[in-house]
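Report on the structure given below.
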Amino acid sequence: MITVAASPAANGNPAQAGGTIEYWYDAAGNKLRKVVKESNSPAATGGMQAPDKTTDYTSGAVYENDTLQLMGHEEGRIRPLRGGTGQLTGFAFDYFLKDHLGNVRAPIAIGDYG
């Protein structure tokens, strides 16, 4: 696990410091998880503790706080589409057009956007 300070202490005051970001990797160097912890200072969060944000990376899928955000595939990604209540309504397929060096030049979205 690697922990990185999100922002240094403001003017040397630890109470005004930002949160931290933790990265988790497996033995092969693959990123498994990122945890963003906001500052727990009541002044920084309006008297309330800010929630942590956890992003998990599993076999090409990316989950944010246990909610699927995208799945990668060889030519692009697949994104879940959700309705107003957060229920899964379908999937959008994004294909990436690349140049001769492999850099993405244009994404092309195909899917149900209704």
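Readers should treat all values here as calculations from the given coordinates under stated rules, not as data from a laboratory. Quantities reported herein were computed from a predicted structural model and do not represent experimental measurements.
Odds and ends about this structure:
- J(HN,Hα) series, segment 25-35, from Karplus relation 6.51 cos²θ - 1.76 cosθ + 1.60, nearest Hz, glycine and proline x: 10, 8, 5, 7, x, 7, 6, 9, 7, 10, 10
- Remark on F91: its backbone amide H falls under 5 Å from those of L81, D112, a criterion applied only to residues 5 or more positions apart or on other chains, H modelled at 1.01 Å from N.
- 5 angstrom amide H check on Q69, placed H, neighbours 5+ away: V62, Y63, E64
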